[in-house]
1. What is the gain in length, in nm to one decimal, between A:L19 and A:A99 on full extension, counting 0.36 nm per residue of separation less the C-alpha to C-alpha distance?
2. Taking the Cβ of A:S111 as the center, what net charge do the other residues with Cβ under 10 Å away carry, scoring Lys and Arg +1 and Asp and Glu -1?
3. How much length is gained if the chain between B:R147 and B:T102 is pulled fully straight, taking 0.36 nm per residue apart and subtracting their Cα-Cα distance, in nm to one decimal?
4. Roughly speaking, what is the centre-to-centre gap between the range B:102-125 and the range A:128-176 when only Cα atoms are used, to the nearest Å?
5. Report the residues of the range A:107-129 in range of a label on B:I65: point 7 Å along Cα→C-beta, backbone N strictly under 17 Å from it.
6. Starting from the Cα-Cα distance between A:H193 and A:Q130, subtract it from 0.36 nm times their residue separation and give me the gain in nm to one decimal.
7. Nearest 0.05, what FRET efficiency do A:E173 and B:S57 give at R0 = 30 Å with Cβ-Cβ as r?
8. Among residues other than A:E166 whose Cβ falls under 15 Å from its Cβ, what is the net charge (Lys/Arg +1, Asp/Glu -1)?
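Just so it is clear, none of the values below were taken in a lab; they were calculated from the coordinates. The structure presented is a predicted model; accordingly, all values stated were derived computationally and were not measured. Backbone-built Cβ (ideal geometry, glycine too); neighbour counts: all protein chains shown.
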Amino acid sequence: AGVMVIDLERWRQRHASQLIAEWIAMNARRRLWLHGSQPPLLLLFHDEVVSLHWSWNVDGLGHRLNYPKNVQRAWIYNFYTFGRGRKLLCREEWNRTRACRDIAEESKYVSGLLITLKSFAQQLGPPRTQAFLAYSTPQYKLHSFETISGYRFVLTTDPSVPDQQECLREIYEIFVEHVIKNPLYQLGDELEHCPVFKTKLHSFLMTRPFFASPFQSVVA
Amino acid sequence: MLLDGGCGLTFHSESEWILDLQPRDSRCWWILNKLEVNFHYQGSSQLSSNDKIRLSSTFHGISAIAAQISPVKRSGGPFSFLQTTGIRTLDADTFRLQCFHTATGVKIFCVMLPPYVDADILLRQVYSHYSDYVLKNPFYELDMPIRCEPFEKEVQRSLSEFQGR
């Protein structure tokens, strides 16, 4: 599906409808092109076209996500919090195009990956290497922040998103405020007794530039 | 920049073997592992050849798992199967690893100290030397360790050119 914007005054001046009708009649006599309406328009206006910004085409009203890679966007996909012993404490997701089929398995992969990456970095790098920070693949980028007490905060985003250590550090502070200091929370539990943490987390992430999805720019 | 910091260069393919080479001079030495060529300047690494094999295998596995847990589908298109999905860059607090994935499964990666530059050109040059001096060598068997003097010379040259910038 496409979007076309027409200047109707100039359309009438050019007698465009009439000319297009002639082209179509010609096509009916002798097959000139295969698909219906676009070729005569192209024939008529081939060098008088201005391209619109892709965001004009809100194809699928927000349900289609296959936008060109070179479009300015910075998306967030997942947020995880791991406690001691690789336990998944919190998992949030947005904008994923590839659904997670098994959350337990995924969290095992991610937590295992973090441990492996940390030891890999410490062995491969110069002597005083402490922590692994981030990796990126062509599809996504994973940022990790590990505290001395063994909590890990992980964010997966689009590869163009810059370093997020500060952001994860602030999330850690929110975590300490609303989870660790919560008298109802037992260390190692999941976060049912801490709904405030989730709301604070969401409101904090919404202030980040990478949280904006492309549709927000269209609505604005 | 890189000269002061030191740079390690490693590449690794899916099957593995090991070979050690004598150090050329006191400042740099390298080891050829399976399809790995390892340069370390100024002794910035104390890894044994076993360690290097182990670390490269680890990296290979890490890259595969990272591709598996991707939250995003591979973008479609006629040649999407050629699109690589492994780790391109890996940042730690003291170094950066940049990896170049070839369409045949060979991974060429280098370890850089700050200030970081984009080593993509260097990695591609090493790949082109690999295909020129190693794969076209009639005595070289695929997936065996690399013992090609012209290859090492060319890689050394590319490395010094790159570092000289």
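1. Working: separation 80, 0.36 × 80 = 28.80 nm, distance 4.92 nm.
Answer, rounded to one decimal: 23.9 nm.
2. Numbers: positive: A:R86, A:K87, A:K108, A:R152; negative: A:E106.
Surrounding charge for A:S111 is +3.
3. Here the answer is 14.1 nm.
4. 23
5. Only A:107-124 fall inside the zone, counting backbone N under 17 Å.
6. 19.4 nm
7. Details: r = 38 Å, r/R0 = 1.26.
It comes out at approximately 0.20.
8. -4
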